Amino acid sequence: MKIFVDSANPETVEALVPLRIVDGVTTNPSLLARESGDPHETLARICRAVRGPVSAEVVATDADGMIGEGRRLAAIDEHIVVKVPFGKAGVQACAVLSGEGIRVNVTLVFSPAQALLAAKVGAAFVSPFVGRVEDIATDGMDLVSRIVEIYENYEFETEVLVASVRGPAHVVEAARMGADVCTCPPKVIDMLFNHPLTDIGLAKFLADWDKAQAVRA
Ligand code: G3P
């Protein structure tokens, strides 16, 4: 399963790249709004750092506006994936942009039916928002499982990109279900590394080693 970083902060992405576990980045208007400077420059810097798919979202709300904005975003760097919100305008824009060879990530997906429509118009990625589904007391990972099942039935090439991830359990469940990508906030990536038994085990190995060295000295 590919791991993307859900962040628009270039320094954060640059710090994670040397770990070699990051395959791409997802941004959205909320994340980009937190950053200073020109958003296109920020996206270009993130693309140079990660050299994998970087989702950049349109803010237009009509199909023609989304298509024009999508083309401009795609021109920033070959790694840009244009993110469009699900809806009639987003589906139309996805069909046109995908037809031009521009990869599209259909976002704000909350039902298997929406994911089916996104795949039919050639989306490269579909983004179910699991955390936000769970915010309204519904099973977010069940949504992912249903989308994976539908895509397998028809051999759609659209990749299932699990978004709105809130913790390591979402990442593990996504991998068990065969999702293609999980996009994680930086703090969740940190959590994936942590286990108290690893810390305790390492402290014991080092203490035993130091004790043996002291006896020999
Ligand atoms: O990039 C979209 C998504 O991951 C948003 O997550 O935590 O704002 O629901 P969240």
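Each row is one residue, and each column tells you yes or no for (1) closer than 27 Å to Ala15 by Cα; (2) in contact (Cβ under 8 Å) with a residue 40 or more places away in the chain; (3) of a type in the set (Phe, Trp, Tyr).
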site: Arg51; (1), (2), (3): yes, no, no
site: Glu57; (1), (2), (3): yes, yes, no
site: Val81; (1), (2), (3): yes, yes, no
site: Cys94; (1), (2), (3): no, no, no
site: Ser98; (1), (2), (3): no, no, no
Original post:
Out of (1) more than 13 Å from the chain's Cα centre (by Cα); (2) within 17 Å of Val162 (Cβ to Cβ); (3) not aromatic (Phe, Trp, Tyr), what's the single condition that is false for Ala15?
Top reply: (2)
Subject >> Any pair with Cβ under 6 angstrom, 6 or more apart, that starts in the range 188-201 at a residue that is charged (D, E, K, R) and ends at one that is open to solvent by 80 Å² or more (accessible area, probe 1.4 Å) >> reply: none
**OP:** Determine whether Val82 is touching a helix residue (DSSP H, G or I) at 6+ places or on another chain (Cβ under 7 Å) and open to solvent by less than 20 Å² (accessible area, probe 1.4 Å).
**Re:** yes
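Kindly establish whether Asp135 is open to solvent by 10 Å² or more (accessible area, probe 1.4 Å), more than 15 Å from the ligand (Cβ to nearest atom) and either out of contact with any helix residue (DSSP H, G or I) (no Cβ under 6 Å at 6 or more places or on another chain) or small (Gly, Ala, Ser) (or both).
Numbers: open to solvent by 10 Å² or more (accessible area, probe 1.4 Å): yes; more than 15 Å from the ligand (Cβ to nearest atom): no; either out of contact with any helix residue (DSSP H, G or I) (no Cβ under 6 Å at 6 or more places or on another chain) or small (Gly, Ala, Ser) (or both): yes.
In short, no.
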Subject >> Total residues in the range 160-194, condition out of contact with any Phe, Trp or Tyr (no Cβ under 8 Å at 6 or more places or on another chain), buried (at least 22 other Cβ atoms within 10 Å of the Cβ) and not β-branched (Val, Ile, Thr) >> reply: 3
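Name the residue that is nearest to the ligand (Cβ to nearest atom), counting only residues in the range 26-40 that are under 13 Å from the mean Cα position of the chain (by Cα) and more than 22 Å from Gly178 (Cβ to Cβ).
Here is the first cut: in the range 26-40, the ones under 13 Å from the mean Cα position of the chain (by Cα) are 26-28, 31.
Next, from what is left, pick out any that are more than 22 Å from Gly178 (Cβ to Cβ): 27-28, 31.
Working: Thr27: 7, Asn28: 4, Leu31: 7 Å.
Only one residue fits best here, namely Asn28.
The values are calculated or read from the model by the stated rules, or taken from the named source; none is laboratory data. If you're wondering where the values come from, they're calculated on a predicted model, not measured in any experiment. Don't worry about glycine lacking a Cβ; one is built from the backbone with ideal geometry, like all the others, and counts go over all protein chains shown. Side chains included, ligands, DNA and RNA excluded: accessible areas come from the protein's heavy atoms. Shrake-Rupley method; radii C 1.70, N 1.55, O 1.52, S 1.80 Å.
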